[in-house]
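Rule-based calculations on the coordinates, nothing more; no lab input. Computed from a predicted structure; not experimentally measured. Using ideal geometry, Cβ is built from the backbone for each residue, glycine included, and neighbour counts are taken over all protein chains shown.
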Amino acid sequence: MILVTGAGGFIGGHLVGKLTQMGESVRAVDIKPLSEWWQVHQSADSVGQADLTILDTCLEQMEECSQVYNLAADMGGMGFIHSAECEIMRHSALINLNMVEAAAKLGVGRYFFSSSVCVYPDMMPGDDELSEEQVYPANPDNEYGWEKLYAERTALAYGRRYGMTVRIARFQNCFGPYGEWDGGREKAPAALCRKVAQAGNGGVIEVWGDGSAVRSYTYISDMVDGIVRLMSSELEGPVNIGNPEYVTVDELVQIICEIADRKVTIKHVDGPVGVHSRNFSIGRIESLGWKANYSTKDGIAKTYPWIAEQVRTSLRNIGGS
Ligand code: NAD
């Protein structure tokens, strides 16, 4: 049995789909009630609600599991990361401490931890790419990154002591359908798709910062493919996973507008932006035969229609109530 935590969330939901398609037996767990999961896969052996900040719950959920993919986290985009520092530092740390302790106690063979490129320091446009070990000397831009770095080190320490195989991916921004798109936890691609969908042709959308921040955006099916490849590999230590195509926030808006076939005017406003730029080596994940099959535009072409439909549905619901 394989345990996937955070299965009611974005990446966890897609991962359960992929693993069950591969014929694996999966137990899918999240703190949210099932009615709030983005995807509930009937093909999973079990789906359930559990609070993984509690050690006994982690032990219960992990029973008879030979592999664990831990994607549960108190998490969101930049707005959430800056306003919920204490929740992130407490809840995610408790999840990660108790999950790895339970895995070691129960003799789980393989343990996957979902880290983030937020562990790296700020970068400037044009900086040379950073490889995984260049995370040190550590200086993450936010508390989310510090918690991830601590959790990485905790998982690696448990792996060393208890002979457990630990695999760690540092995800770049990931996007696609069936994830947060409104309400404060959504990340930039989803928020910008929503704003374009709401603005209509010729409308104005607000973009946090001056629009020059450089990021890479990885489509969900590529990310899930990387996770599964990494888990079954012999690659030790953290591994960056991300699309090698880098774009500014304003360029991302242009891509969304092309897909939506809309013209909008961007109004830059104050807001939490995060680091100036990103540029990471993906040689380690590529050594497993991984590559990004979706460009940013191809991924937006899959994502925008889903978000536009959510916007239309929510407007219909408001209209009908
Ligand atoms: P998400 O918020 O959609 O999913 C996380 C899930 O964890 C949520 O459904 C949430 O309810 C669940 N959760 C929170 N607290 C819990 C608890 N106490 N017990 C059980 N479940 C709990 O986020 P996501 O985008 O799917 O991210 C998954 C993982 O990948 C996270 O660790 C995140 O930090 C990491 N990550 C994501 C991105 C990205 O771009 N989405 C980038 C870097 C890293």
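What nm distance separates the two modelled labels at residue 251 and residue 313, each placed 7 Å from Cα along Cα→Cβ?
3.3
Can you tell me the order of 11-18, 98-105 when each peptide is scored by its average per-residue count of other Cβ atoms within 10 angstrom, highest first?
11-18, 98-105
Enumerate the amide H contacts of residue 277 below 5 Å, restricted to partners 5 or more residues apart or on another chain; note that Pro and chain-start residues carry no placed amide H.
For residue 277, whose amide H was placed from the backbone, the distant partners under 5 Å are 123, 214.
Once amide H atoms are built 1.01 Å from N in the peptide plane, which residues 5 or more positions from residue 207, or in another chain, come under 5 Å H to H?
267, 268, 269
Can you list the lysines whose alpha carbon is less than 23 Å from that of residue 302, not counting same-chain residues fewer than 8 positions off?
18, 187, 195, 263, 291
Add -39500 (n - 2.57) for each DSSP H run of 4 or more in the chain, then divide by its residues: what number comes out at 222 nm, to the nearest 500 deg cm²/dmol?
Values: 10 runs with 125 residues, N = 321.
Calculated at 222 nm, the ellipticity per residue is -12000 deg cm²/dmol.
Could the peptides 41-48, 53-60 be put in order, highest first, of the mean number of other beta-carbon atoms found within 10 Å of their residues?
Those peptides, ordered most packed to least, come out 53-60, 41-48.
State the extension gain, in nm to one decimal, for the chain segment bounded by residue 45 and residue 198, taking 0.36 nm per residue of separation less the distance between their alpha-carbons.
51.2 nm
Can you give the local net charge around residue 115? Use residues other than it whose beta-carbon is closer than 13 angstrom to its beta-carbon, Lys and Arg +1, Asp and Glu -1.
+1
In whole angstrom, how far apart do the alpha carbon centroids of segment 1-18 and segment 107-146 sit?
Computed from Cα coordinates, the inter-centre distance equals 22 Å.
For the pair residue 267 and residue 60, what calculated FRET efficiency results from E = 1/(1 + (r/R0)^6), where r is the Cβ-Cβ distance and R0 = 51 Å, to the nearest 0.05?
Given R0 = 51 Å and the Cβ-Cβ separation, E is 0.55.
Local charge sum around residue 198 (other residues, Cβ-Cβ under 15 Å, Lys/Arg +1, Asp/Glu -1)?
That sum, taken over residues with Cβ under 15 Å, equals +3.
Can you give the FRET efficiency to the nearest 0.05 for residue 131 and residue 212, using r as the Cβ-Cβ distance and R₀ = 22 Å?
0.35
When the label point is put 7 Å from the Cα of residue 25 along its Cα-to-beta-carbon vector, which residues of segment 63-94 have a backbone N closer than 14 Å?
Residues 63-67 fall inside that zone.
Using only alpha carbon pairs under 8 Å that are at least six residues apart, calculate the relative contact order of segment 1-142 and give it in whole percent.
It rounds to 22 percent for segment 1-142.
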